[in-house]
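Undergrad: Below is a structure I'd like to ask you about.
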Amino acid sequence: MVGFNGIVKRLFILGVLIGTLALCGEAVPSSHAQTPITFEVASVRLSPPGGTGLSSFNYLGTTRFTATNVSLPLLLQLAFGVDDYQILQKTSWSDSTLYDVSAKPEGETALTYEQLKPLLQQLLEQRFHLAVHHETKYVKGYVLLVAKGGPKLQTSKGEANHHASILPNGLQGQNLSLQDLASLLSHPVGRPVVDKTGIQGSYDFKLDYSPNESTDSPFPSVFTAVTEQLGLRLETQQVPVDIVVIDHVDREPTEN
């Protein structure tokens, strides 16, 4: 099942979450899980009125997670690794009510994204009395397959960090699996992508493509680029996605 990580209103999150948070470090959702930890101290408050309304959050390179002017759906998307359409039964106030969050995990080690997700889930359960259940829904998406002629993949040089970036005219990554690549490709194609290549291991990628239909771009479409540059192909197919259904959530968080 794919967690379609478009996270938050495509263009905004692409610039903020992916660029600032998810893809700048050990960011792409994958099997690179870490030892579970907990938040030692956490503050969750309603954002003061009269602010800019600009949402931001960060944890990379620090031992603290901070978020400013974030909505509950944004926190849910970050906590569960899903896109906005994968959250059902949102309340009428969820998009307009904003929060400030500051939380410090145990120890002095900087968080990875895989560590952060369960911590945020726990925080939402404790402070908002969040209760959810999961369902599987099949939607129109793509499967990533090996193209005729075979893959053209560069085996990773073995760097410890998993790094990826979505660029204006492409994407690149280091020490990533094909599942990671599929997750990255969901952004330029605008739909969930599931890896069906059967290829294991870690690879370094650099993919150059045009982000739109513009004829002025010297780069091919993302579909052509995947085939020509990586020896893979994208095929339309109904794919399973994880749906997070909200059973209960409070508007005001409990006292810090």
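Undergrad: Just how large is the dipole of the range 139-255 about the Cα centre, in debye to the nearest 20, putting +1 at every Lys and Arg Cβ and -1 at every Asp and Glu Cβ?
TA: The calculated dipole for the range 139-255 is roughly 640 debye.
Undergrad: Given the pairs LYS117/LYS137; LYS104/LYS140; LYS104/LYS206; LYS90/LYS196; LYS90/LYS140, which are separated by over 28 angstrom at their Cα positions?
TA: Flagged as over cut-off: LYS104/LYS140; LYS104/LYS206; LYS90/LYS196.
Undergrad: About the Cα centre of the range 63-108, what is the dipole size in debye to 20, counting +1 per Lys and Arg Cβ and -1 per Asp and Glu Cβ, all else neutral?
TA: 80
Undergrad: Right, next: Where the only charges are on Cβ atoms (+1 Lys, Arg; -1 Asp, Glu), what is the dipole of the range 138-202 about its Cα centre, to the nearest 20 debye?
TA: 260
Undergrad: Alpha carbons only, please: Rg and Dmax for the range 124-239, in angstrom.
TA: Rg and Dmax of the range 124-239, Cα atoms, are 16.3, 53 Å.
Values quoted throughout were computed directly from the atomic coordinates according to the rules given, and no laboratory measurement underlies them. Everything quoted here is computed from the prediction, not taken from an experiment. Note: ideal-geometry Cβ built from the backbone for every residue, glycine included; neighbour counts use all protein chains shown.
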